[in-house]
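The values are calculated or read from the model by the stated rules, or taken from the named source; none is laboratory data. What you see is a predicted model; the values in this text were computed from it and never measured. Neighbour counts run over all protein chains shown; Cβ positions are idealised from the backbone, glycine included. To get the accessible areas, we keep the full protein, side chains included, count just its heavy atoms, and leave off ligands, DNA and RNA. Shrake-Rupley method; radii C 1.70, N 1.55, O 1.52, S 1.80 Å.
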Amino acid sequence: SKVRPIAIAECLRRWAAIALNLEVMRESHRFSFFSPFQWAVAVPSGAEALHRIIEAHLFLNPHHFCAKLDVKNAFNSVSRSVLWAATERYLPRLLPYVHTFYTAPSLVRAHLPGLGPVSFQMCRGVQQGDPLGTLLFSLVLHHQLEPVWSSAPSLLHNAFADACHGFCF
């Protein structure tokens, strides 16, 4: 099996990010641009709600089927320049945070079986262990897919973080 990075952010950074996340989430009305596409951010029990919507849609439309796309290693693959653009467009309040932690490459240290300790730099992606990671990734995904979703408004499109669902008939 291939090795995939798993990281945990420094304690002080995590506390700062958690505080910022709580502050931003208190104003969850600001996330109306995600509606009705993204269910991973500011939607209580979003995974369960999305599952129920898909289930109800397929029950009411038995000739439809749901296609689910889940991109492998998606969080680590997004462009940081697109992350900057998406943050600037949708949540500019987070720009200082994104600038601080995503402008320069991220140093990742790992202990790999058979290789021992290794270090490498990541220039792409939302960092694992970042309490704002799901929100930042969802901003990038929304920024990239909004034109696609807007071009076919009659079709039902949904996502839970990197798992995208679309109905075909």
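With respect to (1) out of contact with any Lys or Arg (no Cβ under 9 Å at 6 or more places or on another chain); (2) of a type in the set (A, V, I, L, M); (3) touching a residue at least 24 places away in the same chain (Cβ under 8 Å), the lone exception for VAL98 is condition (1). If you go through segment 16-33 one residue at a time, how many are among the hydroxyl-bearing types (Ser, Thr, Tyr) and either touching a residue at least 12 places away in the same chain (Cβ under 8 Å) or open to solvent by less than 40 Å² (accessible area, probe 1.4 Å) (or both)? So the count comes out to 1. Among the numbered conditions (1) in contact (Cβ under 8 Å) with a residue 60 or more places away in the chain; (2) closer than 30 Å to ILE54 by Cα, the only one that MET122 does not meet is (2). Output yes when any residue across segment 42-59 is over 17 Å from the mean Cα position of the chain (by Cα) and closer than 20 Å to CYS123 by Cα, and no when none is. The answer is no, given that none of the residues of segment 42-59 is over 17 Å from the mean Cα position of the chain (by Cα) and closer than 20 Å to CYS123 by Cα. Could you go through segment 133-151 and let me know if any residue there is farther than 25 Å from GLY46 by Cβ, open to solvent by 90 Å² or more (accessible area, probe 1.4 Å) and out of contact with any Cys (no Cβ under 9 Å at 6 or more places or on another chain). No: segment 133-151 contains no residue that is farther than 25 Å from GLY46 by Cβ, open to solvent by 90 Å² or more (accessible area, probe 1.4 Å) and out of contact with any Cys (no Cβ under 9 Å at 6 or more places or on another chain). If the condition is being under 16 Å from the mean Cα position of the chain (by Cα), at pLDDT below 85 and aliphatic (A, V, I, L, M), then segment 104-161 contributes LEU145, ALA159, ALA161.
Close Cβ contacts (under 8 Å, 6 or more residues apart or on different chains) running from residues in segment 39-67 that are over 26 Å from LEU132 (Cα atoms) to residues that are among the aromatic types (Phe, Trp, Tyr) and in a loop (DSSP other than H, G, I, E, B) comprise ASN61/PHE169; HIS63/PHE169; HIS64/PHE169; PHE65/PHE169.
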